[in-house]
Structure formats: structure tokens, C-alpha cells
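Shown next, in C-alpha cells, is the structure this report addresses.
The values are calculated or read from the model by the stated rules, or taken from the named source; none is laboratory data. Predicted model only: the values in this text are computed from it and were never measured. When we count neighbours, we look across all protein chains shown, and the Cβ atoms used for this are built from the backbone with ideal geometry, even at glycine.
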Amino acid sequence: MASMPVGIWANLVKSDLDQYLQNRSGMLAGPPNNHGPMDDEDTESWAPNNLLTLTSFGRRGSSTAGSLAINSNMTMSYADIPYFQTEDDRKAAVISGERMIAALKVNPVITFVKPAPDQTVADYVNSVVPLGFQPDVSYQQNV
């Protein structure tokens, strides 16, 4: 089910659209004045009751913030992904993972699935997304 457009999208000004599509400039090219987390959704599904997933989120980095693009069909997709664009991004993920594992290892009941017991956090992080990875813009999903 499609949602109804809101705000600027409800009454799109043709000249704004043309300016963006032709020159990537104008009203639609600028960041919103209140950009930040836009949506968060929890989906209830089956899961074992003895499994916990820990996820570390890098938020609003000074050099790697990512960006969205408005496509010609007025859908949105990632132009630049907001993670693993610099060596410092990778270091931050490794340090965060190492600290989390060190804190949880004191409980002998906890078993780690990833990284594997014979794999370092750095090796795992480096295997997930290559440094400088950019999405294939020819088949991006709508965001």
C-alpha cells in the first residue's frame, strides 16, 4: 500500500523538480534543517529465546555521514553509504566490537557466533563490507 505524499512532496513544485534533475541543485538538493533519525520500525517475528543480536550503529560521523539521492522517478536511494568509507570508520567498528566482546566474555554461558572463535573482530569487520564500498546505483532499492 502506497503512502500519501506529505510536506514538500504533496505539492511538488515542477521548477524545483526540474532544477534538481537537471543540475542536482535547488530546494531538493539541500539537506533538511532537522535531519536525523527518520524512522525506526520493530517487526515481531519468530526467534529463539536463547539468542541475542548486538548491533553497533555509527551515527552522524564528521566525515562519513552518507547521503540519499532522489531518482528521476522520484524514489530515493543511497548515493553514498554512511559506513566504512574511511579507515577510521573501520577502526571505530573494530574497537566497539572488541570492547563489547570483552565485556560479555566474563559470562561463560555466552557463546559468540560472529566473529567466529578463531576470527578476530578486525578480520570479521573487514570481511563484511570492503573499504570504500559504494552501492550499485543501477539496481538500488527504494529507500
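General observations
- Comparison of Ala65, Ala29, Ala69, Ala47 shows that the only residue that is at pLDDT below 75, more than 30 Å from Ala122 (Cα to Cα) and of a type in the set (A, V, I, L, M) is Ala29.
- Restricted to the stretch 98-129, and to residues there that are polar (S, T, N, Q) and surrounded by fewer than 12 Cβ atoms within 10 Å (Cβ to Cβ), the residue that is nearest to Phe84 (Cα to Cα) is Ser127.
- For the stretch 73-116, the tally of residues that are at pLDDT below 85 and farther than 15 Å from Thr55 by Cβ stands at 15.
- Hey, Gly58 surrounded by 10 or more Cβ atoms within 10 Å (Cβ to Cβ), of a type outside the set (S, T, N, Q) and at pLDDT below 70 or not: yes
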